[in-house]
Amino acid sequence: MAREVAAAHDGGTTANGDNEVDGADGRDEVDDIVGRWHSERPDLDVSPLQVLSRVSRLARHLDRARRAAFTAHGLETWEFDVLSALRRQGPPYQLSPGALLHATLVTSGTMTNRIDRLAAAGLVSRHRDQQDKRGVLVELTRRGRDTVDAAFADLLERERGLLAGLAANQQAELASLLRVLLVPFDAAASAEPAQARGRG
């Protein structure tokens, strides 16, 4: 049974080696696994699996789509995260290293290394902050902007494919429900020290 729950969370096969349910009858593998757990442990409320196992499985599909989109443009996921944080700022596409830390949730040492690598690749540049001579700003280069724009457009196309089974109003409803679920976690994460949140 443990292997079945793992399968529900990681997108694998069930314990008996069967392939994932194809959805032809409106059911998916999570339905099967939840049903088996309910049969084996009727004393437990297994309803959280109905939501969170599906979220976990969708996250795996999204991760694959993201990696494919970024790899097609010569980027790793962390590179896209930094470049997109700069791109979203609008002209002149600048942020301090500290602001990038906050946007990408990594440690200071990790961010320094990432900026070094992006600068070496010609995707960002460093220069002195004219308003704070002791400060440094990281700026998106033209090459960096073109690269992140192309990767982002590719990503959106792949994400639309993932959502193709939902009508526009269903997507809006799902987005609203996920926002309600996520807001408390975002608020708690924002209150933690940067080092504790680091994913270095």
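Every read-out reported here was derived from the displayed coordinates using simple, explicitly stated rules and does not represent laboratory data. Predicted model only: the values in this text are computed from it and were never measured. FYI the Cβ positions are ideal-geometry reconstructions off the backbone, even for glycines, and counts take in every protein chain you see.
General remarks:
- Tensor-based shape of segment 91-200 (alpha-carbon gyration tensor, a/c under 1.5 rounded, otherwise prolate or oblate): oblate
- Taking other C-beta atoms within 10 Å as the exposure proxy, His61, His127 rank His127, His61 from fewest upward.
- The slack in the chain from His38 to Glu159, taken as 0.36 nm per residue of separation less the alpha-carbon distance, amounts to 40.3 nm.
- Packing-based exposure ordering (other Cβ within 10 Å, fewest first) of Val34, Val148, Val183, Val46: Val183, Val46, Val34, Val148
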